[in-house]
Amino acid sequence: QLQYLKYFDASYNQLSGTIPTEISYMNQLTTLSLEENEFVGVLPTDIGSLAQNLKTLDVSGNYLHGAIPTEIGGMKSLVELNLGRNGFTGTFPRDLLRLTQLEVVVLGDNDLTGTLPSNLVDEDGHGGGGATIETEEESSITNRRTDTNNNKMSDEAAAASWSNWKYLKLLSLSQNKLRGIIPS
């Protein structure tokens, strides 16, 4: 059903249960917003079938848990990804670094652990794609940001490349338990 639907917004309701896998049948979606509901369980791996057209995926403010599906890394059109304020676990989803169109990434207030790539910033304080590291107060001037607040990640050498996020304008790593030094 609803195979031609392009925009689905059911945010700020009291929807509960698991996110139905049937959402994957809506393969023309450009926006899927389910934020601030009472969804539980895992984010279905079938979400990857939305890869061709989806630009915005927002499931923030629910009770989702488990690993962030690697299938999200195949969503080449994705511009905005908000998975914040859930209970996602596991390591930083390196598959996200393959998404070259991302402007907004919010992963804050989850239980992510693990490492961040050591090539996070260069000697001028820029990310691989020229993203300046700014303070949280400066984030209000732009809507292009990465938010990994309230996770438990540490900075260690890794093989991922932040340079794929060439449109990213702000990277927020506040309220984490980052260890180590800012790479040069």
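The values are calculated or read from the model by the stated rules, or taken from the named source; none is laboratory data. Bear in mind the structure is a predicted one, so any value in this text is a computation, not a measurement. Don't worry about glycine lacking a Cβ; one is built from the backbone with ideal geometry, like all the others, and counts go over all protein chains shown. The protein model used for the area step is the full one, side chains on, heavy atoms only, and it has no ligands, DNA or RNA in it. Shrake-Rupley method; radii C 1.70, N 1.55, O 1.52, S 1.80 Å.
Would you please calculate the Kirkwood hydrodynamic radius of segment 26-98 over all C-alpha pairs and express it in Å, rounded to one decimal? The partial results should precede the final answer.
Working: mean 1/r = 0.0818 Å⁻¹.
Radius from the Kirkwood sum: 12.2 Å.
Can you tell me the relative contact order of segment 8-115? Whole percent, Cα pairs under 8 Å, sequence separation 6 or more. Show your work: numbers first, answer last.
Numbers: 276 pairs, mean separation 23.6, N = 108.
Reported as a whole number, the value is 22 percent.
Give me the accessible area per residue for segment 1-114, probe 1.4 Å, as a whole number in Å². Don't skip to the end; give the middle numbers.
On the way: 5120 Å² over 114 residues.
Ligands and nucleic acids excluded, the figure is 45 Å² per residue.
Give me the Debye-computed log₁₀ of I(q)/I(0) at q = 0.14, 0.23, 0.30 Å⁻¹ for segment 1-60, equal point scatterers on Cα only, no solvent, two decimals.
Relative scattering, expressed as log10 I(q)/I(0), comes to -0.34, -0.94, -1.41.
Among 32-45, 14-27, what's the highest-first ranking by average C-beta atoms within 10 angstrom per residue? The partial results should precede the final answer.
Numbers: 32-45: 17.7, 14-27: 13.9.
Peptide ranking by packing, descending: 32-45, 14-27.
Distance in nm between label sites at residue 28 and residue 76, each 7 Å beyond Cα in the beta-carbon direction?
2.2 nm
For segment 1-94, which whole-number percentage of the solvent-accessible area (1.4 Å probe, protein heavy atoms only) is attributable to carbon and sulfur atoms?
Working: 2340 of 4540 Å².
In segment 1-94, the share of accessible area belonging to carbon and sulfur is 51 percent.
Quick one: length gained pulling residue 21 to residue 38 fully straight, 0.36 nm per residue minus the C-alpha distance?
Values: separation 17, 0.36 × 17 = 6.12 nm, distance 1.63 nm.
Using 0.36 nm per residue and subtracting the Cα-Cα distance, I get 4.5 nm.
What is the extension gain from residue 8 to residue 51, computed as 0.36 nm multiplied by their sequence separation minus the C-alpha to C-alpha distance, in nm to one decimal? Numbers along the way, then the final one.
Numbers: separation 43, 0.36 × 43 = 15.48 nm, distance 1.53 nm.
Length gained between residue 8 and residue 51: 14.0 nm.
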